[in-house]
1. Tell me which aspartates and glutamates have Cα within less than 13 Å of Lys101's Cα, excluding those fewer than 8 residues away on the same chain?
2. Using 7 Å Cα-to-Cβ label points, what is the Glu58/Ile128 separation (nm, one decimal)?
3. Straight-line reach from Lys47: which lysines have Cα under 21 Å away, leaving out those fewer than 8 places along the same chain?
4. Just tell me which lysines come within less than 18 Å, Cα to Cα, of Lys42; anything on the same chain fewer than 8 places away is out.
Amino acid sequence: MADVEKNEQPTQPTTMDDRLQKFFELRLARNERRKQNQEAIKDEDKKEKQISVNEEKEKRIQNLVNKRKLEAMVVKGEYTEVRDKLLSVTAEDAEWMVKKKKKKRDEDNTVDVTSSRTHYYAFKRRMISHNVNSQEYQEAKESQKDFYRDANNLNYGQAPIVPEENVDRMIDELDKTIQRRKSFNRRRTFFEEADIDYINERNRVFNKKIARAFDKYTTEIKQNLERGTAI
């Protein structure tokens, strides 16, 4: 009986080569399972995406059918257009439209001075007072072969002669912009006892921004330098 039980036990690798072979087989099995798992994940993801695409397609088709029905009803005079539209809108769609309108309204009321839209509107306002002479523009374009220069142009630093009135107009526009920017600055509290570490107003604002960002790292170094105990 003992001999039978001994024979039924699995054989263990006895030499180093047998162990390495067993380890190699385990690695192959692991890589195979990993590959199967990745393929199963890809198939499942593909099925989910296909389901979402089909749902979206069915929704578009249903909306198109509802729109055609609405147009037919309006033509027949059975329902007014506004009433039928309201009746055909679900609660979820109505809530989504309200959120979308609110988001657009908030974006319109929010002023972001760094956005491209703000820069575009500012440029349009500045261009209102400028009258472009199309005749001068055409003459300049015809007289210059490289009117539209690119990065490979070798005529660097060469510019056509600009009329004096155009230069004066640009200077006037810049002066108006500077004055307009000054009027937009809000009045801030001024501390007379604060250290003067600036040479003009722009430098004071710049130093203030730098201090706000790096003072928590450089306060101790600055104090050591002032006391003369810096290492």
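All of the numbers you see were taken from the coordinates with simple rules; none came from a lab. Computed from a prediction, not measured in an experiment: that's the story for all the values here. Please note: Cβ atoms are built from the backbone with ideal geometry, for glycine as well, and neighbour counts cover all protein chains shown.
1. Asp93
2. Modelled inter-label distance: 5.3 nm.
3. Filter leaves Lys35, Lys57, Lys59.
4. The reachable lysines, counting only those whose Cα sits under 18 Å from Lys42, number zero.
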